[in-house]
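These notes concern the structure reproduced below.
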Amino acid sequence: MSETRRNIVLTGASRGIGHATVRRFSEAGWRIITCSREEAPPECRRDPNWTHHISADIGDAEGLDAFIEEAMNLLDGGPLHALVNNAGVSPKAPFKERLGCLNGDIGGWYDVFQLNFFAPLLLARGFAAALALGKGTIVNITSIAGHAIHPFAGSAYSTSKAALSALTREMAVEFAQLGVRVNAVAPGEIETAMLSPETEILLPRIPLHRLGTPDDVAQTVLFLCGDGASYVTGTEIFVTGGQHLYTP
C-alpha cells in the first residue's frame, strides 16, 4: 500500500455505525480494510477506497487471528494509521430479554466479553507494530450504557462496555510509548439495528430531542483519527445528544 495515503482497519463494517464510518473515511481519501461476519454490501465493493473486506468472526479466537494475519499481509509492512474497534454484540436471553445477571446462560456473558472487550485488546496488540509505524490512533466504540444503568442494554453488554472504557484509559498510557493515541466514542441512542423499539420513550431525557444517526458517530471517529486531535488521547467522547448528563 502506498505510504502517501492513510490506512484504516475497522471492525463491524457491514451496517450501522461501522458502515457510516467507512463512508466518511472513504470521502476523506483513506484506504480501508474492514471485517464483519457478513459480506460487504454490493455498492460498497465498488468503492475504490474500500480496499478489502474480510469476512471473519472476531468473536472467535481463530477468526480473529486469521483477520489480523490477512490484514497485516494487505498492509505489506506498511503503516496503519487508525484502528477502529466498532464490532459489538448485545444478545438477548431465550425469553427475548437482554442478558442480565439472573437470566440466560452464563456462557453468553463470555461471548459478549470476547467480542466487546477482548477482541479490541487483541486487535490492538496484533496491529501495535503497524500502528507504531504510522504513529496512528485507536478508537474504541463504547456506549452510554457503560456509564449508567440503561433500561434496554442488559448487564452483560453494559459491563463489557464499561470495561472497554477502562481499557481505553489504560491503553492510552501504554500505547503512548509507541506514539499511538487511544480514545473512545460512547454513542447514545443511535438509529441502528441494535436500537430497541421502545427507545422513543427516552427522548424526553435527550436534551437535543432526537435520536442520533450513525453519521453523528462516524464524524466523531473521523475527527479523533485526524490531525486536529493530535494531542487528544485517553478521552471518551459522548455522542448522546446530552443524554449522559442525566442520572438514571
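The values are calculated or read from the model by the stated rules, or taken from the named source; none is laboratory data. Here the structure is a predicted model, which is why all the values come from computation and not from measurement. Positions of Cβ are backbone-derived with ideal geometry, glycine not excepted, and every protein chain shown enters the neighbour counts.
Kindly establish whether V182 is closer than 20 Å to R23 by Cα, crowded, with 23+ Cβ neighbours inside 10 Å, in contact with a helix residue (DSSP H, G or I) (Cβ under 8 Å, 6 or more places away or on another chain) and β-branched (V, I, T).
So V182 fails the test.
In segment 61-89, what residues are over 18 Å from R5 (Cβ atoms) and within 17 Å of the chain's Cα centre (by Cα)?
Within segment 61-89, L64, F67, I68, N85, N86, A87, G88, V89 qualify.
Residues are listed down the side, and each one gets a yes or a no for (1) under 16 Å from the mean Cα position of the chain (by Cα); (2) crowded, with 19+ Cβ neighbours inside 10 Å; (3) aliphatic (A, V, I, L, M):
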{"site": "F118", "(1), (2), (3)": "yes, yes, no"}
{"site": "L121", "(1), (2), (3)": "yes, no, yes"}
{"site": "A124", "(1), (2), (3)": "yes, yes, yes"}
{"site": "F127", "(1), (2), (3)": "yes, yes, no"}
{"site": "H147", "(1), (2), (3)": "no, no, no"}
{"site": "R169", "(1), (2), (3)": "yes, no, no"}
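Output yes when any residue across segment 39-46 is at pLDDT 90 or above, farther than 20 Å from A130 by Cβ and part of a helix (DSSP H, G or I), and no when none is.
So the first thing to find is which residues in segment 39-46 are at pLDDT 90 or above, and the list is none.
The answer is no; no qualifying residue exists.
Given the criteria at pLDDT 95 or above, more than 30 Å from S155 (Cα to Cα) and loosely packed, with under 15 Cβ neighbours inside 10 Å, does G29 qualify?
no
In segment 73-98, which residue that is surrounded by fewer than 23 Cβ atoms within 10 Å (Cβ to Cβ) and within 16 Å of Y157 (Cβ to Cβ) is modelled with the highest pLDDT?
V89
Can you go through A145, A163, A130 and tell me which one is modelled with pLDDT under 95, among the hydrophobic types (A, V, I, L, M, F, W, C) and touching a helix residue (DSSP H, G or I) at 6+ places or on another chain (Cβ under 6 Å)?
Selected residue: A145, the only one of A145, A163, A130 that is modelled with pLDDT under 95, among the hydrophobic types (A, V, I, L, M, F, W, C) and touching a helix residue (DSSP H, G or I) at 6+ places or on another chain (Cβ under 6 Å).
For A148, state whether it is of a type in the set (A, V, I, L, M, F, W, C), farther than 24 Å from R23 by Cβ, without any contact (Cβ under 8 Å) to a residue 40 or more places away in the chain and out of contact with any Leu (no Cβ under 9 Å at 6 or more places or on another chain). Even if it seems obvious, please write down each step before you answer.
Details: of a type in the set (A, V, I, L, M, F, W, C): yes; farther than 24 Å from R23 by Cβ: yes; without any contact (Cβ under 8 Å) to a residue 40 or more places away in the chain: no; out of contact with any Leu (no Cβ under 9 Å at 6 or more places or on another chain): yes.
Taking the combined requirement at face value, the residue does not satisfy it.
Taking only pairs six or more apart or across chains, which ones have beta-carbon atoms under 8 Å, a first residue in segment 214-234 that is at positive phi, and a second residue that is not aliphatic (A, V, I, L, M)?
Listed pairs, sorted by first residue: G234/T168; G234/R169; G234/N183.
Looking only at residues that are modelled with pLDDT of 95 or more and among the hydroxyl-bearing types (S, T, Y) in segment 214-248, which one is surrounded by the fewest Cβ atoms within 10 Å (Cβ to Cβ)?
Y231
Quick check on my filter: what residues within segment 102-154 are polar (S, T, N, Q), within 17 Å of G88 (Cβ to Cβ) and not in a helix (DSSP H, G or I)?
N140, T142, S143
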